[in-house]
Amino acid sequence: MAPPITRDQVLKTGVQVYQFPQGVLWGEGQVAYVAIGIAASSDEHLGLLRQLTHVLSDDAVAEQLKSATTAEELRALLMGEKQSEALKLDNDMLTLDVVASDLVTLQALNAGRLKEAGAVDTTFVAHAINDKPLNLGQGVWLNDCAEGNLRSAIAVSRAATAFDTAGDTTAMLVTVSMADEQPVEVLKRLSDLLLNKKAEQLLKADAATLLALLTSDDVNTDELLSAEFVVRNEHGLHARPGTMLVNTIKQFNSDVTVTNLDGSGKPANGRSLMKVVALGVKKGHRLRFTAQGADAEQALKAIGDAIAAGLGEGA
């Protein structure tokens with residue numbers, strides 16, 4: 001990628017892709033099968049990076065890239081043309097602290113979110129609003145519909161104060177549009193939390209933590225430390241500062257996730273450069289780092305120091 005000091009030499013944004021079917025050694029014992037070079041004159045490349053890293057984070061697609069035999073097949077894979085739409089579950093699908101005294105209010109909110117996301121049709125909406133959801137216990141309810149699922153997505157609404165529904169406590173409603181198997185993992189995590197009597201974590205969590213609980217394995221809010229930092233890099237968190245950040249995180253044994261609070265709100269593995277860059281972090285964006293492990297406190301301090309120092313690009 002063209003560094004900031006050479007951006008004025010870039011005539012127009014371009015991408016060059018090289019494939020190495022047998023793999024080549026690429027720094028610190030890593031093996032590369034596909035190398036992608038990007039030239040961009042501004043931060044317009046961030047959208048392209050998000051697209052590429054979203055695709056490359058799919059292990060199945062990564063395997064296909066190794067064995068692709070034509071340039072067109074490589075292009076189609078990298079542009080996501082052979083992928084089904086990813087599960088829609090991010091900040092846009094959450095409605096928290098709802099002032100409500102009946103379940104139908106939460107039903108309508110979730111149905112509206114799913115419809116707005118293009119995940120369901122009017123048949124789904126009608127059933128989602130009119131059919132009574134399933135009580136999972138501990139204040140959590142679930143509903144779906146066998147018809148009108150256009151893409152996989154999950155909407156969550158949570159009442160500011162729990163209320164009574166025919167003698168049962170109601171605090172949160174999860175509405176699922178299931179066009180493929182993607183929602184299953186989220187439902188498994190939800191089930192595990194309820195079986196372990198940890199619904200309270202869902203009911204008290206902020207948006208970022210709620211998404212982490214539903215989309216990440218082994219999240220224990222009792223053992224987590226977190227900190228928020230603002231990225232000051234002029235061109236955001238592109239490959240170079242992203243690499244510096246990931247290398248800082250890798251110095252520690254703790255598990256670290258990164259959430260762009262000004263982006264989708266979904267947590268990413270802090271040890272994966274692709275997933276960190278895919279967060280689409282721009283100058284001024286707030287990042288929340290959540291660490292779990294024996295050296296979590298030290299990891300967060302080092303991350304904060306690295307960001308304050310400019311992640312290799314100067315403070």
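When G148 is tested against (1) free of Cβ contacts under 8 Å to residues at least 12 places away in the same chain; (2) over 19 Å from D164 (Cα atoms); (3) of a type outside the set (S, T, Y), just one condition goes unmet, and that condition is (1).
Is one or more of the residues making up the range 260-270 out of contact with any strand residue (DSSP E or B) (no Cβ under 8 Å at 6 or more places or on another chain) and surrounded by 19 or more Cβ atoms within 10 Å (Cβ to Cβ)? There is at least one residue in the range 260-270 that is out of contact with any strand residue (DSSP E or B) (no Cβ under 8 Å at 6 or more places or on another chain) and surrounded by 19 or more Cβ atoms within 10 Å (Cβ to Cβ).
Among the residues of the range 267-302, those that are farther than 20 Å from T53 by Cβ, in a helix (DSSP H, G or I) and either under 16 Å from the mean Cα position of the chain (by Cα) or not charged (D, E, K, R) (or both) comprise A296, Q298, A299, L300, A302.
Looking only at residues of the range 271-290 that are closer than 12 Å to V246 by Cβ and basic (K, R), we find that the one that is surrounded by the most Cβ atoms within 10 Å (Cβ to Cβ) is K275.
Within the range 103-124, residues that are on the phi > 0 side of the Ramachandran plot sit with their Cβ atoms under 8 Å from residues that are surrounded by 16 or more Cβ atoms within 10 Å (Cβ to Cβ), at 6+ positions apart or across chains, in these pairs: G118/L150; G118/R151.
Restricting E200, E228, E234, E181 to residues that are within 19 Å of the chain's Cα centre (by Cα) and farther than 21 Å from L300 by Cβ narrows the list to E181. Within the set A239, A296, the sole residue that is closer than 24 Å to D206 by Cα and not assigned by TED's automatic domain parsing to the domain that holds Q51 turns out to be A296. Considered as a group, the residues in the range 144-169 that are within 21 Å of L210 (Cα to Cα) and surrounded by fewer than 23 Cβ atoms within 10 Å (Cβ to Cβ) include one that is nearest to the chain's Cα centre (by Cα), and that residue is S152. At least 1 residues being modelled with pLDDT of 95 or more and out of contact with any strand residue (DSSP E or B) (no Cβ under 8 Å at 6 or more places or on another chain) is the threshold, and among the helices (runs of 4 or more DSSP H) wholly inside the range 67-171 those reaching it are 103-116, 122-130. For the range 265-287, a tally of residues being polar (S, T, N, Q) and out of contact with any helix residue (DSSP H, G or I) (no Cβ under 6 Å at 6 or more places or on another chain) returns 1.
The values are calculated or read from the model by the stated rules, or taken from the named source; none is laboratory data. In this text, all values refer to a predicted model and were calculated from it rather than measured experimentally. Cβ coordinates were reconstructed from backbone atoms using ideal geometry, including for glycine residues, and neighbour counts include every protein chain displayed.
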